[in-house]
Amino acid sequence: MSKWLAGRVVGQKRWTERLCSLQVAAPLGRFEAGQFTKLALDVGAERMARPYSLVNPPQSEPHEFYYNVMPAGPLSPRLAALAAGDAVFVAPNVAGFLVLAEVPEAENLWLIATGTGLGPFLSILRTEAPWRRFKRVTLVHATRTAAEQTYGDVLEAVGAARGEQFRRVAFVSRETAPGALAGRVPAAIRDGQLERAAGTELSGARSHAMLCGNPEMVTDVTAALAERGMRKHRRRAPGHITLETYW
């Protein structure tokens with residue numbers, strides 16, 4: 001198999017100055033919702049590549065990638081400059097364990113993300129698996145500003161389709177935003193505010209939490225969950241927390 005697939009940009013959406021979604025047509029093989037692949041561009045004599053999660057569910061195309069533009073980064077500013085018809089390389093192999101196949105049985109599924117860590121959960125939510133397996137699915141998305149609460153149309157469609165089975169809780173930390181909680185997720189876990197907002201129990205007895213976001217959030221939420229008797233899940237030692245870190 002070739003190391004790279006020839007992809008073609010279908011479209012690009014700029015949500016904010018630093019948040020973008022890139023849609024790419026490429027003959028990528030099968031993948032599980034929650035997994036990632038790599039995008040690459042040639043920069044001088046070097047091919048620059050970085051991993052990005054697939055936002056689209058496995059049954060749909062084009063492939064979509066939600067990313068943060070790092071102004072001084074070698075790749076993301078160049079990705080942000082792409083337009084429909086431009087070429088981009090896509091790695092043929094997918095990877096990652098932030099998938100429901102790695103999640104043990106539970107009554108409630110919690111998907112907790114910061115920033116672009118929302119991406120893999122958008123893929124998972126648009127498959128049938130979580131709705132068959134869990135009584136309640138709660139998405140928690142924490143951002144700095146209200147403008148960073150992206151993909152509202154997708155999430156509203158999920159809510160319309162799934163009704164009371166789906167809960168969505170937004171956190172905005174640097175400004176007041178209607179409908180969003182203030183502060184940070186770990187504190188809201190500890191004082192019970194998150195459970196009250198979602199109307200769903202968060203405990204080792206009934207829940208599994210999937211975490212995706214910046215390392216500080218992942219570390220702090222894992223610690224807050226540990227106080228509720230929840231531990232990291234491993235194949236040989238089943239637990240209640242599955243995680244992946246993002247920058």
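Subtract the Cα-Cα distance of Gln59 and Arg234 from 0.36 nm times their separation in residues, and report this length gain in nm to one decimal.
Values: separation 175, 0.36 × 175 = 63.00 nm, distance 2.80 nm.
In short, 60.2 nm is gained.
In Å², what does the accessible area per residue of the chain work out to with a 1.4 Å probe?
Per-residue value: 47 Å².
Among Phe36, Phe31, Phe121, Phe97, what's the order by accessible area (1.4 angstrom probe), most exposed first?
From most accessible down to least: Phe97, Phe36, Phe31, Phe121.
With a/c under 1.5 counting as rounded, go ahead and sort the range 63-180 into rounded, prolate or oblate using the C-alpha gyration tensor (a ≥ b ≥ c being the square roots of the eigenvalues; past the cut-off, prolate if a/b is larger than b/c, else oblate).
Judged from the Cα gyration tensor, the range 63-180 comes out oblate (a/c at least 1.5, b/c at or above a/b).
State the three equivalent ellipsoid semi-axes of the chain, derived from the C-alpha gyration tensor as the square roots of 5 times its eigenvalues, in descending order and whole Å.
On the way: eigenvalues 186, 79, 56 Å².
The equivalent ellipsoid of the chain has semi-axes of 31, 20, 17 Å.
Contour minus end-to-end for Ala6 and Glu164, with contour as 0.36 nm per residue of separation and end-to-end as the Cα-Cα distance? Show your work: numbers first, answer last.
Numbers: separation 158, 0.36 × 158 = 56.88 nm, distance 4.19 nm.
Here the answer is 52.7 nm.
Roughly how many debye, to the nearest 20, is the charge dipole of the chain about its Cα centre, given +1 on each Lys and Arg Cβ, -1 on each Asp and Glu Cβ, and no other charges?
That gives the chain a dipole magnitude of about 420 debye.
At 1.4 Å probe size, what's the solvent-accessible area of Asp86? Round to the nearest 10 Å².
Spelled out: Asp86, probe radius 1.4 Å, area about 60 Å².
Need the list of aspartates and glutamates near Lys135 for cross-linking: C-alpha distance under 15 angstrom, and skip anything on the same chain fewer than eight residues off.
In chain and number order, the partners are Glu105, Glu107, Glu164, Glu201.
Computed over the Cα atoms, what is the radius of gyration of the range 169-241 divided by 2.2 N^0.38 Å, N being its residue count?
Ratio of Rg to 2.2 N^0.38 Å for the range 169-241: 1.14.
Amide H neighbours of Tyr52 under 5 Å, counting only residues 5+ apart in sequence or on other chains, H built in-plane at 1.01 Å?
Thr37, Lys38, Leu39
Once the range 39-105 is represented by equal point scatterers at the alpha-carbon sites, with solvent omitted, what log10 I(q)/I(0) does the Debye formula produce at q = 0.18 Å⁻¹?
So the normalised log intensities work out to -0.80.
At a temperature of 4 °C and a viscosity of 1.567 mPa s, determine how fast the range 120-247 diffuses translationally according to Stokes-Einstein, using the Kirkwood radius over alpha-carbon pairs as Rh; express D in µm²/s, rounded to the nearest whole number.
The estimated diffusion coefficient comes to 85 µm²/s.
Just the number, please: carbon plus sulfur as a percent of the accessible area of the range 66-150, 1.4 Å probe, no ligands or DNA/RNA counted.
57
Determine how large the accessible area of Met70 is when every protein chain is in place; take a 1.4 Å probe and give Å² rounded to the nearest 10.
90
Rounded to two decimals, what ratio of Rg to Rh does the range 136-200 give with C-alpha atoms and a Kirkwood Rh?
That ratio equals 0.96.
Lysines within cross-link reach of Lys3: Cα-Cα under 16 Å, excluding same-chain residues under 8 positions apart?
Within the straight-line limit of under 16 Å, Lys3 reaches these lysines: Lys38.
Using a 1.4 angstrom probe on the protein heavy atoms only, line up Glu17, Glu148 by accessible area, largest first.
Glu17, Glu148
The values are calculated or read from the model by the stated rules, or taken from the named source; none is laboratory data. Here the structure is a predicted model, which is why all the values come from computation and not from measurement. Note that each Cβ is placed from the backbone with ideal geometry, even for glycine, and that neighbours are counted across all protein chains shown. Just the protein is used for accessible areas: all its heavy atoms, side chains included, with ligands, DNA and RNA removed. Shrake-Rupley method; radii C 1.70, N 1.55, O 1.52, S 1.80 Å.
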